[in-house]
Structures are given as C-alpha cells and as structure tokens.
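Contents: one structure, followed by commentary.
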Amino acid sequence: MPSNTMFTISPKAFNVRILNRKEISDQKWDLCVGSAFNETPLAYSWVLDIIAPGWHGVIVDDYLGVMPLTAVKRAGASVLQMPSEIQYLGLLSASADVVSLFPSILKQDYFTKYSFIAQSSVPNDQSIELPAFGKWRTTCELNLSSDYERLYSQYTPSHKKNIRRFERHNFFIEQNQKPEAYTSLKQEFAKIRPEVYVPSSHYQRFNDLIKTSIQNGSGTILSIDKNDKTIGAVYFLCGKRRCILFHSADETGRQKKTTFGLIDKYIQLQAGKNLILDFAGSDIISICEFNTGFGAQKKQYMSITIDNLPWPLRLAKKIRLKYRMNRLISIVTNKT
C-alpha cells in the first residue's frame with residue numbers, strides 16, 4: 001500500500017491519509033484514541049498489534065481522528081472486516097464532525113480494491129445520517145458510576161434469582177490467575193459447535209491480549225474452577241472510559257449460573273467508577289435480554305457492509321452467515 005494515499009473530504013476539507021503500520025506514530029495514535037469521545041480499548045495500537053498483526057490506519061488531519069483498518073485475504077479476495085470477536089472499531093475522535101465522516105471514508109476510491117467491507121463504529125450519542133449501505137445494530141451498555149446497591153437494584157428479578165442460585169455454591173473466584181481460562185472454554189465449546197469455530201491462531205492472539213492487558217493493568221479475568229476444571233470465565237478489557245466484556249462457560253458453568261455471578265462480581269469491583277461496561281451485543285433477543293437484565297441500556301451503533309464479491313462467493317457467504325446466526329440463536333436460547 002503506498003504511503004502517500006491521501007484524499008480530501010468535504011464540506012470541511014479534512015485531509016485523510018492511509019498509512020502502513022510502520023508509518024503510524026503510536027504516541028499520536030493512542031493520544032487520539034484516548035481523547036476520543038467514542039474511545040474504545042480495542043483501538044489502541046498495542047491491542048491492534050496483537051489481535052490484527054499488519055493492520056494499517058486512516059489518519060484525519062494530524063491525528064485529529066483515526067480509524068484502524070484490518071484487512072485479510074479470503075478465497076483470494078481482499079476483505080476489510082472486523083477481527084474475530086471484535087464488535088466495532090470505526091473512526092475515533094474528540095470531534096463529532098470527524099466521527100461523522102465514518103461512512104463517507106469507506107466510499108472513497110481507495111476502498112474499491114476490497115471485494116467485501118464489513119465495518120462498525122463504536123456507539124455514541126452523536127447524530128449521524130445512516131447511508132444506504134449501512135444499518136443500525138444494537139449493543140448494551142451499563143454506566144458504572146453509581147454505587148453497587150443502586151446498580152444491583154436495576155437488575156431484573158430473574159437475574160437476582162440466578163445470582164442467588166450461583167452464590168449457594170460458594171465458589172471461589174480467581175482473579176488474573178488463569179489468563180487462558182476464557183480461550184480454553186471457547187476452544188472446548190467450538191469442538192462440539194463447529195459453527196463458532198475460529199482458527200487456533202485467534203486463540204493464541206487472544207491469550208496474548210489477555211496476558212499483556214493484565215500486565216499493564218487494563219485487563220481483568222475472573223474464573224471459577226470445579227474439580228480442577230475451569231467451568232466459567234469472564235474477561236474485561238478497559239480503556240479510559242469503556243470496558244469490553246467477553247464471557248464463556250461450559251455446561252456445568254451454565255447450570256451453576258457462573259456467568260451471572262462473575263459479571264455481578266465485576267460490577268461490585270468497579271461500582272462508583274466513571275466507566276461504561278460494554279456488553280458488546282446484541283441484536284439477538286435472548287442475548288439482549290441477558291445484558292439488559294443487569295440494568296444495561298440499549299445503544300445503537302452503525303454497521304457498514306459493502307459487498308462486491310463475485311456472486312458465487314457472495315451466495316456462499318450469505319448461506320454461511322445465515323447458518324451461523326441460526327445456530328448461534330439456538331445455542332444462546334439453550335444456554336439462558
């Protein structure tokens with residue numbers, strides 16, 4: 001990719017560059033992400049280096065705004081899509097005018113080289129016009145600034161009941177002792193549910209992310225063992241204002257309601273802090289109900305899809321996505 005890729009976007013004539021990873025200033029990039037009103041921990045350079053090696057980025061003016069670009073090859077086609085398990089990245093800035101450029105940037109000539117584009121932006125309260133090639137999707141967020149008693153009062157009765165059921169088992173919750181707990185559960189689950197399979201390289205990268213984030217203080221993992229086997233784990237990656245939740249449990253963990261107990265434990269630990277707990281989903285009704293059961297509020301985020309794949313690949317992708325979505329709905333329904 002040429003280092004001089006540049007274009008101008010009206011009406012305020014923002015200068016936009018697309019730079020290789022080695023050309024990006026980590027200091028300026030991370031400063032922009034950290035000061036953005038739509039900041040997410042997933043957009044910091046050190047996180048991207050782990051989960052999306054070889055990423056490149058959009059730079060608006062002199063790092064007034066930044067947007068990670070994570071490209072891969074699929075069946076010989078160039079694809080610009082989110083890394084596995086990452087809900088959204090998008091354009092980040094302290095300026096609402098810059099953030100509003102998100103969809104128009106993806107329509108610039110540079111991006112025609114990609115046969116398929118799937119990008120989503122971090123939820124924010126700014127008014128951005130939805131383009132014809134975009135749609136609004138749903139996530140859930142919980143403001144943790146209140147004390148725990150007030151936060152707990154917003155739980156649904158069924159969530160409170162499941163937490164009480166969890167507490168009867170008197171499980172010991174380990175913190176930051178098993179960085180591999182989350183990914184090991186995900187890998188075991190994928191063995192019996194091939195529709196959620198991802199390559200082993202993803203799990204290695206995610207393990208590296210968990211370990212590095214624990215070391216630098218931005219990550220927390222809580223896990224529960226029964227008979228020397230991990231049955232439930234939650235991982236939280238935090239930036240300055242937003243914490244992203246990842247969770248998994250095996251069949252025993254689901255029966256013992258470990259996910260309810262572990263998320264509740266984290267809310268206790270973080271209550272009263274100026275943080276947003278981001279549940280990272282979902283349009284699936286049962287997942288949304290699980291998230292809002294903790295008092296989380298629904299938030300919309302913009303999702304952009306531009307599909308220029310040859311029709312056989314386009315059809316195959318649609319069939320695969322439909323199959324995975326139907327299976328995921330079935331899994332979640334049975335889990336909860």
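The values are calculated or read from the model by the stated rules, or taken from the named source; none is laboratory data. Since we're looking at a predicted model, the values are computed, not measured. Using ideal geometry, Cβ is built from the backbone for each residue, glycine included, and neighbour counts are taken over all protein chains shown. Just so you know, the surface numbers come from the protein's heavy atoms only, side chains and all, with ligands and any DNA or RNA stripped out. Shrake-Rupley method; radii C 1.70, N 1.55, O 1.52, S 1.80 Å.
For the range 23-179, with equal point scatterers placed on the C-alpha atoms only and solvent neglected, what are the log10 I(q)/I(0) values from the Debye formula at q = 0.16, 0.17, 0.20, 0.21 1/Å, to two decimals?
-0.99, -1.06, -1.30, -1.40
Accessible area per residue, 1.4 Å probe, Å², for the chain: what's the number?
Per residue, the chain has an accessible area of 48 Å².
Take the range 88-132, compute every pairwise Cα distance, and split them into 10 Å bins from 0; I just need the percent in each bin.
Histogramming the range 88-132 at 10 Å steps yields 23, 58, 18, 0 percent.
Restrict the search to the range 192-254; then list the chymotrypsin sites (Phe, Trp or Tyr not before Pro) that DSSP places in a loop and that have at most 14 other Cβ atoms within 10 Å of their Cβ. Can you show the working numbers first?
Working: sites: Tyr197, Tyr203, Phe206, Tyr235, Phe236, Phe246; in loops: Tyr197.
Those that pass, being in a loop and sparsely packed, are Tyr197.
Enumerate cysteines in the chain without a disulfide-compatible partner, where compatibility requires another Cys Cβ under 4.7 angstrom.
Taking the Cβ cut-off of 4.7 Å, the unpaired cysteines of the chain are Cys32, Cys140, Cys288.
Just the accessible area for Val33, please: 1.4 Å probe, Å², rounded to the nearest 10?
0
Would you mind classifying the range 236-312 by shape? Square roots of the alpha carbon gyration tensor eigenvalues, ordered a ≥ b ≥ c; an a/c under 1.5 is rounded, otherwise it is prolate if a/b is larger than b/c and oblate if not. Don't skip to the answer; put the middle values down first.
Working: a/c = 2.32, a/b = 1.47, b/c = 1.58.
Cα axes put the range 236-312 in the oblate bin.
Work out from phi, with θ = phi - 60° and the Karplus expression 6.51 cos²θ - 1.76 cosθ + 1.60, the ³J(HN,Hα) of each residue of the range 282-288, listed in order in whole Hz, and give x for Gly and Pro.
Residue by residue, the range 282-288 yields 7, 6, 6, 4, 5, 5, 4 Hz.
Within 10 Å, count the other beta carbons around each residue, average over each peptide in 43-49, 70-76, and list them highest first. Display every interim value, and only then the final one.
Numbers: 43-49: 20.7, 70-76: 13.0.
Sorting 43-49, 70-76 by mean packing, highest first, produces 43-49, 70-76.
About its Cα centre, how strong a charge dipole does the range 159-289 have in debye, to the nearest 20, once Lys and Arg get +1 and Asp and Glu get -1 at the Cβ? Could you put the intermediate results ahead of the total?
Details: 21 positive and 14 negative charges, 81 e Å.
With Lys and Arg at +1 and Asp and Glu at -1, about 380 debye.
What are the residues whose amide H is under 5 Å from the amide H of Arg74, where those residues sit 5 or more places off or on another chain and H is modelled from the backbone?
Val79
For the range 16-63, what is the relative contact order in percent, using Cα pairs closer than 8 Å and at least 6 residues apart in sequence? Each step should come with its number before you reach the end.
Working: 40 pairs, mean separation 29.3, N = 48.
Averaging sequence separation for qualifying contacts and normalising by length gives 61 percent for the range 16-63.
Taking only the alpha-carbon atoms of the chain, what semi-axes of the equivalent ellipsoid follow from 5 times the gyration tensor eigenvalues under a square root, in whole Å, largest first? Display every interim value, and only then the final one.
Values: eigenvalues 232, 102, 73 Å².
For the chain, the semi-axes come out at 34, 23, 19 Å.
Among Trp46, Leu262, Asn15, whose Cα sits farthest toward the positive end of the charge dipole of the chain (+1 at Cβ of Lys/Arg, -1 at Cβ of Asp/Glu, about the Cα centre)?
The residue sitting farthest along the positive end of the dipole is Leu262.
What accessible surface, in Å², does a 1.4 Å probe find on Ser145, ignoring ligands, DNA and RNA and rounding to the nearest 10?
Surface accessible to solvent at Ser145 totals approximately 60 Å².
Kirkwood hydrodynamic radius, the range 142-239, all distinct C-alpha pairs: what's the number in Å?
Details: mean 1/r = 0.0645 Å⁻¹.
Final number for the Kirkwood radius of the range 142-239 is 15.5 Å.
Of all the accessible heavy-atom surface of the range 1-126, with the other protein chains kept in place and a 1.4 Å probe, what percent is carbon and sulfur? Show your work: numbers first, answer last.
Working: 2430 of 4960 Å².
Roughly 49 percent, rounded to a whole number.
DSSP loop trypsin sites (Lys or Arg not before Pro) in the range 161-240 with at most 11 other Cβ atoms within 10 Å of their Cβ, which ones?
Arg168
Tell me what the chain gives for mean residue ellipticity at 222 nm when only DSSP H runs of n ≥ 4 count, each as -39,500 (n - 2.57), the sum divided by the residue total, rounded to 500 deg cm²/dmol. List each step's numbers first, then the result.
Details: 12 runs with 122 residues, N = 336.
So the helix-based figure for the chain works out to -10500 deg cm²/dmol.
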